[in-house]
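Undergrad: Structure in structure tokens, see below.
FYI, it's all coordinate maths here, none of it is from the lab. Just so it is clear, the structure is predicted and the values come from calculations on it, not from any experiment. Using ideal geometry, Cβ is built from the backbone for each residue, glycine included, and neighbour counts are taken over all protein chains shown.
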Amino acid sequence: MRVTRSVDSVQFLPFLTTDVNNLSWLSYGVLKGDGTLIVVNVVGAVLQTLYILVYLHYCPRKTASLLGVLLLGCGYFWLMVPDPDTRLQQLGLFCSVFTISMYLSPLADLAKVIKTQSTQRLSYSLTIATLLTSASWTLYGFRLKDPYIMVPNLPGIFTSFIRLWLFWKYPQEQDKNYRLLQT
């Protein structure tokens, strides 16, 4: 973005949804008093927010919609649901649904991967990171006996194994430049 001074080739929605996800889990962690959820999601929210601020610097027309989404979410959970236990349950359910949709989103390319028999549009490193992250959170949720943490991370494990199977079935060709360097 800095080099081109443009956001034309950069998608905004993944960073917005990840930031909303981090902020939601951060709120859940604050309500539960869970330091692990708080620390991890503060770091994630700060990084995503910094990215969004850089994005907005090059595309200021998105500012109002971003602030509107965040204010509506915060307003609902903190003003419209005054009972802390009800707020925790509703926020946990919201976070769960949001996390499940985040983990299922890479499967949107599944048909194209199978049709083209190419995994070029998939990221192997992101698949491994997703597998490790979702497995860690599932185990953490299991340890706490918290279904709002455990259950939504199971699809992350499942979808990661599907993508790993696709990498095995349709291996990516090595980059031609890399092959030239080997000779």
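Undergrad: Ranking request for peptides 96-107, 146-157: highest mean number of other beta-carbon atoms within 10 Å first, then the rest in descending order.
TA: Output ranking for 96-107, 146-157: 146-157, 96-107.
Undergrad: Tell me the label-point distance for the pair Val42, Trp168, using the 7 Å Cα-to-Cβ offset, in nm and rounded to one decimal.
TA: With each label placed 7 Å out from Cα toward Cβ, I get 4.1 nm.
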